[in-house]
Amino acid sequence: MGVMATATVVARLVFGIPLGQLADRIGRKRVIYLLTPLWYTSNLLLAFSTGPITLILYAALQTFYSISSGVTGAMTLELVPVEQQGRWSGLLGLFSPVGPLSDLVAGGLTLQDAHTICEENIQARLEAGERMRGYKVGFTNIPVRKEMGLPDSTYGYILDTMVLDSGGQFHMSELIAPKIECEICFLLKAPLSGKGLAIENVLAATEAVRGAFEICDARIKDWQCPYPDFFADNGFSARIVLGGRGWISPDKVDLLNEEVILTREGVELARGRGEAAMGHPANAVSWLAGKLADRGQSLKAGELVMTGTLTPILSIEAPAVYKATFSTLGVVEKKFV
């Protein structure tokens, strides 16, 4: 990394959580008022000198201001103390999208860099009190993935604060640029590990399945970034909404041909079938198990796996009720305001 990129990463890692705690205690607006002079100071410093010390001071001061004002990137936002996530979530709409993290690093982020950023941020959230619930797999529609120029699918972590029930309202102000997907969620009853698992292996380890929405969100402007940045931003994972019918045994569902119709205010937007997720939703679980194995990890009993969208990824237009009607798995709905 260059001096500026290194300074920025270090400053965000060092100051992210303490400043988040300060803002939560005394109020975000008050912190912004206190730190606005620092923002101007940092710009003045850079105007007079571009030496290493000045760049580090500049990055530190900018980090203080950006964490408080919400003009931040993926690393900073994930470091907000999430035992206070409920109180912070309503403020997330203040956050502005930023350019790719790869732009901060000479030659761009490596995949290893991106995994490290995400894993350390998730660990910080777990230590702050959130609980692990599972994973999401993204870009499982192979033709769409290839059209976007992505070399492979992606994955991200799901924590307990990200899981919602069907029905009720969701405030768009909690996120930046949310989009909606219709998916089949797996609940595991046994561990899964290793590469090349067959569909039968996955189904044997599956307790039940459920219709679901994934509400994706990107801290990166226009969702445009190199492949590693998807991992740094936790696979663009934001929320999931579990269907109202509950969990159904996988042997009661034709997962390959399970159909879903997505509507907005009763008007059909899209429809799809289970085969859209890597040819079979269980293939997405197998893919995930293999990728986790590459990092010395595995899927555990009780974890959820969102297996990828069966419908096009669509921007959410509020206010409106979105409803996904599955042929067997029932209905998922949420009013976005």
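The values are calculated or read from the model by the stated rules, or taken from the named source; none is laboratory data. Since the model is a prediction, treat every value here as computed from it, not as a measurement. Reconstructed Cβ throughout: ideal geometry from the backbone, glycine too, with neighbour counts over all protein chains shown.
Of the strands (runs of 3 or more DSSP E) lying entirely inside region 128-236, those containing at least 1 residues that are more than 21 Å from Gln297 (Cβ to Cβ) and over 13 Å from the mean Cα position of the chain (by Cα) are 163-165, 179-188, 206-216. Among the numbered conditions (1) of a type outside the set (Gly, Ala, Ser); (2) within 17 Å of Ile199 (Cβ to Cβ); (3) surrounded by fewer than 18 Cβ atoms within 10 Å (Cβ to Cβ), the only one that Arg295 does not meet is (2).
Filtering region 260-286 to residues that are over 23 Å from the mean Cα position of the chain (by Cα) and farther than 17 Å from Tyr322 by Cβ leaves Arg273, Glu275, Gly279.
Taking (1) basic (Lys, Arg); (2) crowded, with 20+ Cβ neighbours inside 10 Å; (3) at pLDDT 95 or above in turn, Lys195 satisfies each apart from (2). On the given criteria, is Gly308 buried (at least 19 other Cβ atoms within 10 Å of the Cβ), in the same structural domain as Ile199 (by TED's automatic domain parsing), modelled with pLDDT of 95 or more and under 17 Å from Thr140 (Cβ atoms)? Judged against the criteria, Gly308 is a match.
Flag: Ala324 does not match the condition of being crowded, with 16+ Cβ neighbours inside 10 Å, closer than 17 Å to Ile184 by Cα, in contact with a helix residue (DSSP H, G or I) (Cβ under 7 Å, 6 or more places away or on another chain) and not β-branched (Val, Ile, Thr). Cβ separations smaller than 7 Å between residues 6+ apart or across chains give the following pairs from region 220-233 residues that are closer than 23 Å to Gln123 by Cβ and in contact (Cβ under 8 Å) with a residue 60 or more places away in the chain to residues that are part of a helix (DSSP H, G or I) and of a type in the set (D, E, K, R): Ile220/Asp229; Pro228/Asp113.
Every condition in (1) crowded, with 19+ Cβ neighbours inside 10 Å; (2) in contact with a helix residue (DSSP H, G or I) (Cβ under 9 Å, 6 or more places away or on another chain); (3) within 24 Å of Tyr322 (Cβ to Cβ) holds for Thr161 except the one numbered (1). Cβ-Cβ distances below 6 Å connect the following pairs, each with a first residue in region 154-181 that is assigned by TED's automatic domain parsing to the domain that holds Pro226, a second residue that is part of a strand (DSSP E or B) and of a type in the set (Gly, Ala, Ser), and a separation of six or more residues or different chains: Thr154/Gly138; Gly156/Ser237; Ile158/Gly134; Leu175/Ala238; Lys179/Ser315.
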